[in-house]
1. Just to be sure I understand the model, the point goes 7 Å from the Cα along the line to the Cβ. What's the resulting ASN349 to SER285 distance in nm?
2. Which order do SER261, SER104, SER150 take by accessible area at a 1.4 Å probe, largest first?
3. If you wrap a convex hull around the C-alpha atoms of region 336-428 and split its volume per residue, what is the figure in Å³?
4. Here is the link list: LYS310/LYS385; LYS203/LYS310; LYS181/LYS216; LYS216/LYS385. Which ones come out longer than 28 Å on Cα distance?
5. Please find the FRET efficiency linking GLU196 to ARG241, where r is the Cβ-Cβ separation and R0 is fixed at 45 Å, and quote it to the nearest 0.05.
6. Would you mind computing, in nm to one decimal, how far apart the modelled labels at GLU270 and VAL421 are, each placed 7 Å from Cα along Cα→Cβ?
7. Give me the number: length gained by fully extending GLU68 to ALA414, i.e. 0.36 nm times residue separation minus the C-alpha to C-alpha distance, one decimal in nm.
8. Grab the alpha carbons of region 112-164, take their convex hull, and tell me the volume per residue in Å³.
Amino acid sequence: MMEITYAKDLSLEALKGAPMEADGAIEAAAERIILDVRARGDAALLELTERFDGARLDSLAVTSDEIEAAWAAEDGAFKALLEGAADNIRAFHRRQLREGFVVSERPGIVLGQRLMPLGRVGLYVPGGTASYPSSVLMNAIPAALAGVQSIAVVTPPGPDGRIAPSILCAARMAGVTEIYKVGGAQAVAALAYGTETVARVDKIVGPGNAYVAAAKRRVYGVVDIDMVAGPSEILVIADGRSSAREVAADLLSQAEHDALSKAILLTDSEALARAVQIEVEAQLSTLPRERIARASIEANGQIIVVDSMKEAVDISNAIAPEHLELCVDEPFALLGAVTNAGSVFLGRNAPEALGDYWAGLNHTLPTSGTARFSSPLSVDDFLKKTQFVYYTREALAEARRSVMAFAEREGLGAHARSIGVRFEGDAL
């Protein structure tokens, strides 16, 4: 049962929780897998896939026939769901598109910045206890909007060697046809370093288990990554007029992800706190993933009674949750005070699941308090910037004293000379 505590008895430091730290054994295992894939390429991927996923494969690549067969066999209702979700995701992320700029306000000087898509990206789509076609859409659509031309999906196969048809259909909907039957740290290694079958990428995005997170941490610098994602989190701020049944359902929507997931309620109503405590227990027994959700609630579930909504927002900002629900009468009045959160769900009719699947927001979000400095996945994650500068000789002559003085102040004579040499024989 979720424990009820009082904010006055807790410190903000305690509520922040421990920072996300690497597990030594997992890090070591990921490192061994990466080294194996670097050394043996496809042979290592095939062997590791059989060991960890129970699938003996003849080849790693999903064929176009497999994709089309999955699409043909899928029912129209699910295809319509994919299309509706994809349309909403495109509409939201299209507004993130922006252009470079050129500045030529001073005579003889041109400055600017160019935005260019990454050349090739790898999308990790989790498998295992569930399949996530929504993750395909959330990762692939912003990449495509950014202009990335080469997109590869990696995802673990089932013991039968097949990828979940829903994953293949989502990939087709998003325009991705390069899909590989490999998951875990070995998939990250393949994307980062390349194998005979999998060409290396410039960036890896998408959530995964602890081994995937460890591998992404290890290959960062060889390639870029979006973030090192931890277990899912939800924090609900609710007043006494909220429905205990609805709040409990929202808390459990994240608890069912993983035994390490966190579900927290902050409320200024003791009555609601006790009602939610009872509701969570009642609803747990009805969940298909009861075992996972119960483990999450018992280990990481919290109900905290606060003195005011202001205190609730202060605590939320300290925790910096992945998902924040503001289940209050005037959610927009609180929104301006929220400084640390991945996605914010406003009011009583915007449960977190709306953002997972349909609204158009991205559901790849910062976890473990990293919303203090990190952001949801966006079109920007698939762009790189190059800046440029042009000076005429006259403009450089005007700036040369300042540049040379700065260089000499830092003791970098060659820097200063690179300016001065252009004006040898000219008077300063």
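The values are calculated or read from the model by the stated rules, or taken from the named source; none is laboratory data. These figures come from a predicted structure and were not determined experimentally. No Cβ is skipped: glycine too gets one built from the backbone with ideal geometry, and neighbour counts run over all protein chains shown. For the accessible areas, the whole protein counts, side chains as well, though only heavy atoms, and no ligand, DNA or RNA atoms are used. Shrake-Rupley method; radii C 1.70, N 1.55, O 1.52, S 1.80 Å.
1. Those two pseudo-labels are separated by 3.3 nm.
2. Most to least solvent-accessible, the answer reads SER104, SER150, SER261.
3. For region 336-428, the hull spanned by Cα atoms encloses 213 Å³ per residue.
4. Cα-Cα > 28 Å for LYS310/LYS385; LYS203/LYS310; rest within.
5. It comes out at approximately 0.15.
6. It is 7.9 nm.
7. Computed gain between GLU68 and ALA414 is 118.4 nm.
8. 76 Å³
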